[in-house]
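For reference, the structure is listed below as structure tokens.
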Amino acid sequence: MSRAITIVLLVVSTAAPALAGASKDFTHAWSRRFGGEQIELLRDVCVDGAGNVIVCGHHAGDIDFGGGTLSCAGGDDAFLAKFDVDGNHIWSRSFGDSSDQQGIAVGVDAAGNIYLTGWFRSIVDFGGGPLTGPGNEDTFLAKFDGLGNHLWSIARGGTGSDRPNDLVVDSWGNVVITGWFYGPVADFCGGLGCAGGQDIYLVKYNPYGTCLYAFSWGDASNQQGLAVAVDMNDDILLAGEFYGTVDFGSGPLTSAGQADVFLAKFYGDTGQIYFAYSYGDADHDAVAAVAADLDYIYLGGSTVASIDFGGGALDGGAGWDVYVACLDAYGAHYWSRIFPDADGSFMMDLILTDTHCPAITGYYGDRIDFGGGELVSAGQEDIFVAVLDPGDGGHVESASFGGTGLDYGDALASAPGDYLVLGGYTDGTIDLGGGPLANAGYYDVLLARYLLGPPGFPPEVVVSIPDLLVQETAPPVDNHVCLTDVFWDPEEGSALAYEVVGWTNLDLLTATVDADSCLDISFNELMDGAAVVTVRATDSVGRSIEDAFEVTVEPLPDAPLIQGIADVPNDQGRTVRITLRRSGQDDLGATTPILQYEAWRRLDPLPPAAAGRPVPPVR
């Protein structure tokens, strides 16, 4: 027999919570290796709206991406290649002469047009005629259609050296490039003067290659722009490193010692400064990438000692360690994390997945843990890939790839359907999940695609079920805890299924979910104690989250009540039977058959005539 206890539960929710940590299936889709006997390096990767993969980099020897051998004309030549969603070759191109040309960054617009930037010495021709630069190393920007046909190309720079480091395409097809230049003047959009050493440049072009604006910043020390992104308003995020002092227009930022990290935000239409901050200590601090959505900005990089983004110092190990920081749209700290490795680890790229999770790649030398357990290097340097929770930086998924040689993760891109594309290079045999890929020479290009899991967000706990304290009582009544008030599905139209995972102290209670998605709890009336109940909510594609709470049943005093037994005269030799269970009741007013009884007797003195006669037992 069970007795139901009334539970009153108030759940209040004012807003949808941040995404909680959830596991995803990091599933290999395909992987490729390309290379020859010389050095071939992948530098960047992007994905168009159809899921096609575009890569850029440079090669010092022959390389074949599947469409025939691309021969190197001398030095380094830039390459550009496109693959379909299954990793099959669509087209590939190589650009160069006897000097050096390197493809550094690539982007794609909504129409599938491709933008390639990099640097060159001497002459380079992308299909629109030879381009020459005024200096030792100059920046190029070329646009191609989705079939690889040349649309336009330009060369910019000064009499010294200038190199781009990153490129981003905004929602209008405008292109923003950042990098560094050294020399008296660099012409990106009118002359930009160099203050000494390496200076930062930021330049924006429209879809036809016309310069919209350009800026430079620096002093006599070295500074460079390393990463650029746009948010959902097309405002520009610029990140880089600097020695000395740099002023983006909101006041000077001064390095605390060696190179420090800077982050600056500009209005996309005018280039006017929105804010600028610096981060670092007396040691070297580096940044690799910046990414942004409507509400948050993500920075990824490496630090030698410690770095503070506003949430307290992130202290690493003895060498370089990877960090990730999340800031709000105004640059205020939201969360930040560091992932130490005793032998040094380096961040190379950070992007946002389809579900707005930050994904990172780079390389490490010993052991690194992103929250899902240690990843152990198989050789000298191994590739890491990790996906983090946008709400707090917690672990979502992580993996390591490597052999006995040097393996580097250099670039990531998000693909439709919550796929992740990884680009890198290796000097040995490596298995990216689809079997060993043998090295053909020195460094070879690596390319792989992974499924992170079903697109969208997992269920969330709006407000955890509070621990419940109840007392034995009567009469029995029904009770309900409505799980629709506890769990929430951020995807509209996806119903949740609820179940009781289990509970401790199995004899104390029974928990079930009824047809109205409410939790019913019934208690054993003969017991008190505590039990932990765990419930689970699962969405339509199998993602789930659990919540647990403790139920405590406090006992009421259960001393039996005695109604009294009347004196019973007894003649010597007669047996008298008294039924005790009809007289004993517990404090709830019910006859309690589990009461235990005992009896004893008191002997009154017998008359002298009865002395020595046996006394019958009490029964």
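With a Förster radius of 35 Å applied to the beta-carbon distance between residue 501 and residue 330, the computed FRET efficiency rounds to 0.25. The calculated FRET efficiency for residue 69 paired with residue 258, based on their beta-carbon distance and R0 = 35 Å, is about 0.20. Residue separation of residue 98 and residue 354 scaled by 0.36 nm, minus their Cα-Cα distance, works out to 88.0 nm of gained length.
Expected output is a single nm value to one decimal: the length gained when fully extending between residue 233 and residue 343, i.e. 0.36 nm times separation in residues minus the C-alpha distance. What is it?
Numbers: separation 110, 0.36 × 110 = 39.60 nm, distance 4.02 nm.
Taking 0.36 nm per residue and subtracting the Cα distance, the gain is 35.6 nm.
Explain nothing, just the number: relative contact order of the range 395-457, from Cα pairs under 8 Å at least 6 residues apart, as a whole percent. Kindly include the intermediate steps, with their values, before the conclusion.
Values: 110 pairs, mean separation 20.0, N = 63.
Computed over the range 395-457, the figure is 32 percent.
Once both labels are positioned 7 Å from their Cα atoms along Cα-to-Cβ, the gap between residue 172 and residue 30 label points is 3.7 nm.
Taking amide H as placed 1.01 Å from N in the peptide plane, the amide H of residue 472 sits under 5 Å from that of 554, 556, each at least 5 places away or on another chain. Between the beta carbons of residue 530 and residue 313, assuming R0 = 56 Å, the FRET efficiency works out to 0.85 to the nearest 0.05. Once backbone amide H atoms are built at 1.01 Å from N, residue 38 has 61, 62, 442 as its partners under 5 Å, excluding neighbours fewer than 5 places away on the same chain. Modelled spin-label separation between residue 438 and residue 515, with each label point placed 7 Å from Cα along the Cα-to-Cβ direction: 6.6 nm. Cα centroids of the range 72-102 and the range 243-310: 33 Å apart.
Relative to the current alpha-carbon distance between residue 522 and residue 367, full extension at 0.36 nm per residue lengthens the span by 50.9 nm. Take residue 540 and residue 250, extend 7 Å from each Cα along the Cα→Cβ direction, and tell me the distance between the two endpoints in nm. For residue 540 paired with residue 250, the spin-label model returns 4.2 nm.
Only the coordinates and a few stated rules stand behind these numbers; no lab work does. Computed from a prediction, not measured in an experiment: that's the story for all the values here. For neighbour counting, all protein chains shown are included, and Cβ atoms are generated from backbone atoms with ideal geometry for every residue, glycine included.
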